[in-house]
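Everything on this sheet refers to the single structure shown next.
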Amino acid sequence: MRWTLPLACLLVIGCGPMSKPMVSRLEEKDQALVDQAWSNMLTPVERLDRILLLDTILAHESHQIGIDRLHFVSGKDLPGGTVRMEVFFDRQSPEGDLFAVTYVDRSGRVLRSEKYTREEVDGRFEFLIQRPPNVEEIEGIDPAECEQLKAQAAEHEARMREIKAATQPAHQP
């Protein structure tokens, strides 16, 4: 089974169900391996028993890796209403990839609505997970590069403080 190793590699990259609110797009060769794996699993249709089908999907994260379409909806109830989050993904229409956050009050009136493109989600995700290196540990670093890395580290640190504060009660003037 040639596709087992590449899919196992994707498992490591995936790091669990939806590490960000967007489904990854695969390179064509990896997509072809996923497509072949699905075809193998379901040819003939009853080839895998019920539990083996589930186990195979879970082991390879086939519910989210290499899929063709996804519309994922989640909600969070709050005292003032409900936050609805939606992910839209269609492998054939990359320009339509979208993450939407909508907050509605109890009567259904939209209080806030935000939409994020794949580029926004991926860019912010990379910024948040990519910690700048500690310049004091780098030998022979160019002074200009050192200053740039220090500025990036300060920006990252400040943003992480803002994120932490964002989940705390708002200060009322």
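Read-outs throughout are calculated quantities, based only on the coordinates presented, and are distinct from any laboratory measurement. The shown structure was predicted, so the numbers you read here are calculated from the model rather than taken from an experiment.
By a straight-distance test (C-alpha under 23 Å), which lysines pair with residue 150 as possible cross-link partners, with residues fewer than eight away in the same chain excluded?
The qualifying lysines are 164.
Quickly estimate the mean residue ellipticity at 222 nm for the chain, helices only: each DSSP H run with n ≥ 4 gives -39500 (n - 2.57), and the total goes over all residues, rounded to 500.
On the way: 5 runs with 71 residues, N = 173.
Result for the chain: -13500 deg cm²/dmol, rounded to the nearest 500.
Just 94, 133, 21 to compare: in a GNM of the chain, with alpha carbon springs under 10 Å, which one fluctuates most?
133
What's the Cα-based Rg to Rh of region 43-173, Rh via Kirkwood?
Details: Rg = 21.7 Å, Rh = 19.4 Å.
Here Rg/Rh amounts to 1.12.
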